[in-house]
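Peer 1: Quick one: structure below, then a few questions.
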C-alpha cells in the first residue's frame, strides 16, 4: 500500500512534467502575447517589457528557467525584499550563517498582467477561497445527490423515482449561468435573505455553494441510482436477503458500499474541478477565487499564470484520483494493490 | 453600601450606554459610497502610477495622487493641481511650476484607523517636493521600469525619448523644494495636460525602495491626494478614505465623503447589488438596458453621459481593394450608423461623422459643424464612390473584387455590429464581406503585425485634445494606425497644429485633417461616439465626468 502510494506520487511528477511541456508549447504557439492590447504599445516599449519579463530569451531557455525556478531551491541572504522575480512559497530562515540566510523554494514567477502580484500571491490569496467554496459545493452535491439517487433506486419505477430523476435532469440541463442569477434575484434582491455577492461570511457562501452544488448533485444522483440498481441485482444481495438479513442492513452495508464505487470515481475529478475554482459562479457572485484566472490568463496570454493554474489543477486531479484508488480498496475487498 | 454600589454600577452603565450610542451615531454618520463605476471585470492590474494604463487604474490613481495640473472632469479645463501656478517661457518650451507647500505624504494606519502624515528620519513631516516629482519622472522613464505609458510624455520633455537609465539627462529640474522646471524640445499647448497625467505624478522613493513591487499595497504605500488608500482586497474591492491632510483647493476640494468603496464586480452583478440597495452608483450592463429603462424606479435613476471614445472601422490601405480611397469612402458611406445606435446599442450613443469625439479641444461640436462636414450614411454617394473605385482599380464590376474580410475581437457587441454592417454593405453596395471573429488577443496581435482589409478599432482619449487623436493615433507610422493610413497633407496639418498656440487656429487645422481622414482620403470609417450608462441612487450627489474617471472628492451622499 505504502509502496503503491509512493510509486503513484513519483508518477505524478512525471505527469506534471509532461503537462508543463505540452502547456508551455501550446501557449507559445497561440498567436498574440501578454502585451497585445487595444491600445498598442510602441515597439520600443514592447521591447522593454519583453526584456523585463525575459520574453526575449530563446524559448528553451525560458522553459528551463521556469522549471528551474520552481524545482531548484535557493538560499539567499540579506534583506528579503519581495520582487516579481523572487517570491517563493517556502521561505525558511536558516539558523546558521551570516546575514539572514533564508532557504527559499518554489517560485511560479510573476503575473504579466498584474504588475505587483506573482502567481504565488494568487495561490496564497485566491486559492483558499476557491477551495472553501469548492468543498462547500461538494458537500451540497453529495448531501443532495446521493440520498436522491438512493431514494430513486429504492423506489425504482415509481412516481418518486421519476420525480427525483426529473429534478436531476433539471440540474444537469440548466446551466449554472441561469440558476445563479435566478437564485441571486430571488433570495438576495427580492427576499434580501443573503447578500448578493462577496465572500467572507457564511451567508455569502450559501447561494454560490448551492448553485454550484446543485448542478453536480444531479450527476451524482443519476450515477448513484444506476449503480445501486445494478448492485441490487447481484447474487450477494440475494444471498444476504436469503439468509434473512434485515433490508435496512442489506441496503446500507452491502448494497450502498459497493454501489458507491462509480460515485467515488467521479468524485475525484469533481473535487479537483471544484476546489480549483469555477469561473462562472465566482464571477456572478463576485468571489475573489481562482476560477477567473483559468480563463483570463489564457485570453490575456499571461504565461506564468496559465502554467501555474494548469499545473495546480493537474496536481489536484492526480492527487484526487490517487485518493479515489485508495478508497476503492476500502470499498471493495476484492481490490488489492499488489 | 449596597445602594452606593448600585449607584456606581448605574452610573457606569449609563456612561457606557451613552458612549456606545455616541459611537453608533458616529458610525452611522460616516458617509460611505459604494461604487462600481469604471471598475468592471477584476482587479486593477497595477496601482503603480508608472505602470498603469487603463481606466480602472486611473480611476483610483486620480484620487490617490493629484497631478501638477488637474483636468476638470466636466469642463475639460486645465486647472491647478499640485502646482498652484505656472509660467511658460516666451518660446513656449520651458514651463516652471510652483508646487503647493502644504501637501504631506500620507498613509492609512490600520491600527489607529486614521490617515497619518509620513515623517522623515528627523521626525519632520515629509512634504511632497519638487524632488519627488523629478524622481518619479526619471524612474518612470528608466527602461528597467518598463512603463507602458510614459511614451505619451516622452516628446514633451527634453531627453525623454532617448532616456536610457539613471545617468541620462532629462529636462526636468528641481529649482528648489517647491519649484520644478520642465524643458520641452517642442512647443505644445496641450503639454500642460500631459504634465498632470498619472505617470507624471510625484512618487516617494523611500517606499518604493523599501517594499519592492508590493509598495502599492495600502500598508506600504505613500500617497497625497484627496483620498488615502485604506484597503485593497485583491479581486474584490479597494477602499479609499478621506485624507484630512489634503489642503483642499478650488479644483480638488476636501472630500465630503468619508470613504469610497470601489467594487471590482462584473456589471451583471453590480445591478442586483444596486437593486438590493448595497451599491450606490454602478454601470449598467448593456443587456439590461431595456429592463432598466422600463422599470419605474430604475429609469429615474438612469443617466447617460459623455464617454470620450470613438468606435470605428479601419481600412488597410495597402491591401486591395482598399488601396483606392474611393473604395474606402464607398464602404464608409454605406454604413447606416443611426441604425446601429438605435437598434443595437440603444443607450444614446451618437452616430459618428468624424473621428475625434466632440468635446475635445480643437474639434467641432455636432451643432457647430457644417451639415456636410465629415461622413454619414448616404447610399447615392456610396454607389458613386464605389463606381469610381472600381474604375480606379480597373475592375469591370463588383464581382471582380477580391474577397474582403472584416475582422474584430470576438465579443457579442462587435459581432452584432459586424453582422449589421455586413448586411448594409450587401444591400447598399452589393458586396459580400466575410466576417472574422478572432479571440481578442489574437485579434490585436494580428492587427499589429498585418491588419485585415477592414478591422474594428476604438480609441479613448488619454487627454482631451485633438492631438491625442489625430496626431498620436493616425499619423503615418504610429502604433495605433493599424491600417497604415498615410497622407502627407494630413501629417503636415497635425504636425502644424501640435505646435500652434492659438486654439482657434488649431481647430481650423484639425478640421482640415479630419476632412482628409474620414472623407477625402477615408483612412477610417467612424461609426459611433460612446456614452456612459450609469445608475445612481437619488441621494447621491456628484458631477458627471466625461474623462473616464469620476472625481469622488466632489461627490456627496444626502442624508
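Bear in mind that the values in this text are calculations on the coordinates, not laboratory data. Computed from a predicted model, the values in this text were never measured in an experiment. Virtual Cβ from ideal backbone geometry, glycine too; neighbours counted across all protein chains shown.
Peer 1: Kindly work out what percent of the DSSP beta bridges joining two residues of segment B:403-559 are antiparallel, to the nearest 5.
Peer 2: Within segment B:403-559, antiparallel bridges account for around 20 percent of the total.
Peer 1: Counting only other chains, and only Cβ atoms inside 10 Å, what mean value do you get across the residues of B:441-454?
Peer 2: Taking all residues of B:441-454 together, the mean is 4.
Peer 1: Give the distance, in whole Å, between the Cα centre of segment B:68-82 and the Cα centre of segment A:236-309.
Peer 2: The distance from the Cα centre of segment B:68-82 to that of segment A:236-309 comes to 56 Å.
Peer 1: Given labels modelled 7 Å from the Cα in the Cβ direction, how far is it in nm from residue B:109 to residue B:90?
Peer 2: Going by the 7 Å Cα→Cβ label model, 5.3 nm.
Peer 1: For chain A, just run the numbers: alpha carbon Rg, then divide by 2.2 N^0.38 Å, N being how many residues it has. Could you put the intermediate results ahead of the total?
Peer 2: Values: Rg = 24.6 Å, N = 338, 2.2 N^0.38 = 20.1 Å.
Taking the Cα Rg and dividing by 2.2 N^0.38 Å, one obtains 1.22.
Peer 1: Can you say what percent of the DSSP beta bridges in the protein assembly as shown, counting only those with both residues inside, are antiparallel? Round to 5.
Peer 2: 80
Peer 1: Choose one answer from A:281, A:298, A:253: the residue with the largest mean-square fluctuation in a GNM of chain A with alpha-carbon springs under 10 Å.
Peer 2: Per the Cα network of chain A with a 10 Å cutoff, A:253 tops the list.
Peer 1: Same structure, new question: Quick one: if you take sqrt(5λ) for each eigenvalue of the C-alpha gyration tensor of segment A:247-313, what semi-axes come out, biggest first, whole angstrom?
Peer 2: Ellipsoid semi-axes (Å, largest first): 38, 14, 7.
Peer 1: Please report, to one decimal in angstroms, the Kirkwood hydrodynamic radius of segment B:118-276 built from all distinct Cα-Cα pairs.
Peer 2: On the way: mean 1/r = 0.0556 Å⁻¹.
It works out to 18.0 Å.
Peer 1: With an 8 Å Cα cut-off and a minimum separation of 6 or more residues, compute the relative contact order for chain A in percent.
Peer 2: 21
Peer 1: State, to one decimal in nm², a quarter of the convex hull surface area for the C-alpha atoms of the protein assembly as shown, i.e. the direction-averaged projected area.
Peer 2: Taking a quarter of the hull surface, the average projection is 52.4 nm².
Peer 1: Let me ask something additional. Mind jotting down the distance between the C-alpha centroids of segment A:1-16 and segment B:139-165, whole Å?
Peer 2: Each part's Cα centre sits 52 Å from the other's.
Peer 1: Which residue fluctuates the most in chain A, going by a Gaussian network model with Cα springs under 10 Å, if the choices are A:44, A:139, A:64?
Peer 2: Greatest mean-square fluctuation among the candidates belongs to A:44.
Peer 1: Further question on the same structure: What value, in deg cm²/dmol to 500, does the helix sum -39500 (n - 2.57) over DSSP H runs of n ≥ 4 give at 222 nm once divided by the residues of chain A?
Peer 2: It lands at -21500 deg cm²/dmol.
Peer 1: Separate question: Taking beta carbons within 10 Å but only from partner chains, what does the mean come to for residues B:257-267?
Peer 2: 2
Peer 1: Please list the radius of gyration and Dmax for segment B:73-204, considering alpha-carbon atoms only, with Å as the unit.
Peer 2: For segment B:73-204, the Cα-based Rg and Dmax read 15.9, 52 Å.
Peer 1: Based on alpha-carbon centroids, what's the gap between segment B:442-504 and segment A:97-169 in Å, whole number please?
Peer 2: 47
Peer 1: At a Förster radius of 22 Å, what calculated FRET efficiency corresponds to the Cβ-Cβ distance of residue B:400 and residue B:520, to the nearest 0.05? Show your work: numbers first, answer last.
Peer 2: Numbers: r = 25 Å, r/R0 = 1.16.
Taking R0 as 22 Å, the efficiency between residue B:400 and residue B:520 is 0.30.
Peer 1: Also: What is the order of A:261, B:516, fewest Cβ neighbours within 10 Å to most?
Peer 2: A:261, B:516
Peer 1: Contact order normalised by length for segment B:36-129, with contacts defined as Cα pairs under 8 Å and 6 or more residues apart; what percent is it?
Peer 2: The normalised contact order for segment B:36-129 reaches 14 percent.
Peer 1: Which one of A:307, A:142, A:245 has the biggest mean-square fluctuation once chain A is modelled by GNM with Cα springs under 10 Å?
Peer 2: A:245
Peer 1: To the nearest 500 deg cm²/dmol, what mean residue ellipticity at 222 nm is calculated for chain B from DSSP H runs of n ≥ 4 alone, each contributing -39,500 (n - 2.57), summed and divided by the residues?
Peer 2: For chain B, the value works out to -8500 deg cm²/dmol.
Peer 1: Could you list the square roots of 5 times each eigenvalue of the Cα gyration tensor of chain B, that is, the equivalent ellipsoid semi-axes, sorted largest first and rounded to whole Å?
Peer 2: Sorted largest first and rounded, they come to 48, 31, 19 Å.
Peer 1: Continuing with this model, one more query. Just to verify a number: FRET efficiency for residue A:92 and residue A:332, C-beta to C-beta distance, R0 = 30 Å, to 0.05?
Peer 2: 0.10
Peer 1: Shifting gears a bit: How many percent of all Cα-Cα pairs in segment B:182-332 sit more than 18 Å apart?
Peer 2: 77
Peer 1: Right, here's the next one. Could you rank the peptides B:32-45, A:92-105, B:105-118, A:110-123 by their average count of other C-beta atoms within 10 Å per residue, with the highest value first?
Peer 2: The packing order, highest mean first, is A:110-123, B:32-45, B:105-118, A:92-105.
Peer 1: Can I ask one more? Rounded to the nearest 0.05, what FRET efficiency do residue B:342 and residue A:235 have when you use their Cβ-Cβ distance and R0 = 56 Å?
Peer 2: The pair residue B:342/residue A:235 has a calculated efficiency of 0.15.
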